[in-house]
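Below is one structure, written out as structure tokens, with a few remarks after it.
The values are calculated or read from the model by the stated rules, or taken from the named source; none is laboratory data. Computed from a predicted model, the values in this text were never measured in an experiment. Glycine also receives a Cβ, built like all others from the backbone with ideal geometry; neighbour counts cover every protein chain displayed.
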Amino acid sequence: MGGVSYEALIEQLPDLRRDLNRLRTKKAEIDARVAHLEGIVEGIEGLRGPDEESPGLELPGLSEESERPARLRGIAAVRQVMSERDQVWSAKEIHNVLESRGWLSPDAKHPLRGTEAAINRLWHGDEIEKVSAGRYRFPKQNKD
């Protein structure tokens, strides 16, 4: 019988798993970006009048000179939440804090996926530690 041997397939398995995990991470990042952009597009389209091609609504209290309240999003928001307490976090726990602070886009179709994608980017960037499956910790800072 010709073809690839069972042993050769088993040898390829770690590489295939690594590729699969990398692609899943990239997919999560892309999904988060798509959801973010969909929210932006929907928000901008909501500014249009019924028969207009351009925004038909002025936002009260906002001008180019006005200051907007600080509202973190994405990686910056997850980093901020995790750095405030020395604990092991799940994506859902971080997501709940982000939600309670109003740091999630109300237009996001899958906001938890966006939180998970931000966590993944922090982990792959070596900014947070993976303690176990789905559990992460912000490393303690040396205070020398």
Residue in the stretch 44-79 that is modelled with the highest pLDDT, counting only those that are of a type in the set (Gly, Ala, Ser) and loosely packed, with under 10 Cβ neighbours inside 10 Å: Ala70
Residue count, the stretch 80-122 (criterion: charged (D, E, K, R) and either buried (at least 20 other Cβ atoms within 10 Å of the Cβ) or under 10 Å from the mean Cα position of the chain (by Cα) (or both)): 3
Candidate set: the stretch 68-120, residues that are in contact (Cβ under 8 Å) with a residue 40 or more places away in the chain and of a type in the set (Ser, Thr, Tyr); chosen: the one nearest to Val131 (Cα to Cα): Ser90
Subset of the stretch 91-118 (residues that are over 19 Å from Asp31 (Cβ atoms) and not in a helix (DSSP H, G or I)): Arg101, Gly102
Tabulated pairs, the stretch 18-29, first within 11 Å of Glu116 (Cα to Cα) and in a helix (DSSP H, G or I), second at pLDDT 90 or above and aliphatic (A, V, I, L, M), C-beta under 7 angstrom, 6+ apart or interchain: Ala28/Ala117; Glu29/Ala117
